[in-house]
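Working notes, beginning with the structure itself.
The values are calculated or read from the model by the stated rules, or taken from the named source; none is laboratory data. Quick caveat, the model's predicted, so the values are computed rather than measured. Backbone-built Cβ (ideal geometry, glycine too); neighbour counts: all protein chains shown. Surface areas here come from the heavy atoms of the whole protein model, side chains and all, with no ligands, DNA or RNA. Shrake-Rupley method; radii C 1.70, N 1.55, O 1.52, S 1.80 Å.
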Amino acid sequence: MMDVNKVQILVQEGEGLTVEFKEHFTPRIDEDIVAFANTKGGVILLGVRDDRTVRGEKLTNDMKARINSVARNCNPPVQVKTKQLQNIIAIEVPQGEDKPYNCSSGYFRRLDGTTQKMTNHELRIMFQEHEKISFEEKTNRSVSWKDISREKIRNFLKEADISIRKIIPQNILTSLSLVQKGRITNAGALMFASRVDKLIPHAESIFAAFKGTDKTNIYDRHDVKDDLLIQFNEAVAFLKKHLNVRSEIRGFDRSDIYEIPLDALREAVVNAIVHRNYTINGTSIYVRIFDDRVEIENPGGLPNGITKRDFGKSSVRRNPLIADLFNRMGKVERMGSGIERMRELMRDTGLKEPVFEMDAFFRVTFYRDPRYSLKTGRFQKGKGTMEKGWVERPEIKAGEKVGVKSEKIRRKLGEKLGEKLGEKLGENEKRILEIINKNKFITIPALSKTLDISTTAVENNLAKLKVKNILKRIGPDKGGYWEIVYGR
């Protein structure tokens, strides 16, 4: 039942798989209505801007009639509930029982936090016969509210940049669509249970590093049987521990550069978590590091209806609720662009594109640069130097006085950047770079407030800096960061 408290929580959490903000009513909400009906259901909040600020909207009898008319004109008709909650109108849309639904503009679905029009091909894939209730949305009778960790909820809210002072697990999980008829779903347990291993014992990840190019000699192993966020963080930490790294000056700052782009590896780990088939017992997510390659593997091949020919072209989430949680934390690409992003990141680094294999398991293989990947003992202890500036793991920690450019080079880069700033950049562009140099994670609204200019003006200046190859965006809009690239 929608009430004022739940609406306030939804506004604080932001848009997601089951939540859409609209500043005011328009007949085009029919696209969002059919999208929710075709996916997991959801709520449209009228009177709320995309940035979570409340503009307000009043529900008149005329508007209520228009909303109901829009919903009835969908095919099949959708029964919605409309309610005024303070100055926000909530339109609740149930998950449909007669999929697929369409409106005058076509067929739509929810993908993470967006409404996306579907192609005929995607329509055929998505609505093939399959289990109506997936593993992630089934309630887990073994889980009670005392099993839910407030600390894990707090960690999620921090990662998702959601500010909620009073943490009430029932309210938070319900607003995230992780509760069905008062019971916690498997997705809720996988993300927030104190002891995931006791409730869903097969949901684990295993990380291993091998000497050589086969599985004969293992020299490090780490098993993780905790929640999915911890599994993600531990996987990234294990990869960073065992990959070579060098240091490089970018703009004014020193950066650690891993031999395989970390963003590509993170994308693969998230992909494994989001697309894993959690119904298969006796299997795990695997991260394997060899001298010549890295393999990331998850149980379950391609989702139902997807063929190898479709791979990378169509986006179907095996676990859309879990995908939504990772999207809120800024750890998954929107609109299903993750596969192409991995390929692009490897190409940009001059490495071979990742290889994807799909059978009962889904596996992605990243090939390491042969110049640096094999353990040849190039590191000279005590001298702080290494051929090509690479640190070989696990002999030394990343960034430990290895491959760091001299202060003279740092000054030269600074002078070159200053020269370009003075000659070719406008005042706002220079000020934006100065701010980003201090805080690479700053958001567009924060830049707008600091500079006292509109967000549109900020976006225009950022676009100019990108065109001039001075600035680029690393990672998604939510969870990524800015990078000054001139002078590299």
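For the residues His24, His202, a 1.4 Å probe over the protein chains yields an accessible-area ranking, largest first, of His24, His202.
Working from label points 7 Å from Cα in the Cα-to-Cβ sense, the Asn5 to Gln79 distance is 2.8 nm. Each residue of the stretch 161-171 is assigned a 3J(HN,Hα), and the resulting list reads 6, 10, 9, 10, 5, 9, 8, 10, x, 4, 5 Hz, derived from the Karplus form 6.51 cos²θ - 1.76 cosθ + 1.60 (θ = phi - 60°), x at Gly and Pro. FRET efficiency for the pair Asn171 and Thr450, taken as 1/(1 + (r/R0)^6) with r the Cβ-Cβ distance and R0 = 25 Å, rounds to 0.15. Each residue, Asp256 and Ile442, gets one label point 7 Å from its Cα in the Cβ direction; the gap between the two is 2.6 nm.
Output the pairs from Lys158/Lys438; Lys22/Lys478; Lys117/Lys240; Lys40/Lys166; Lys40/Lys466; Lys22/Lys166 with a Cα-Cα distance over 29 Å in this structure; if there are none, say none. In this structure, Lys117/Lys240; Lys40/Lys466 lie more than 29 Å apart at Cα.
Here each label is just a point 7 Å from Cα along the line to Cβ, and for Ala65 and Trp145 those points are 4.2 nm apart. Once Rg and the Kirkwood radius are both taken over the C-alpha atoms of the stretch 82-233, their ratio Rg/Rh works out to 1.06.
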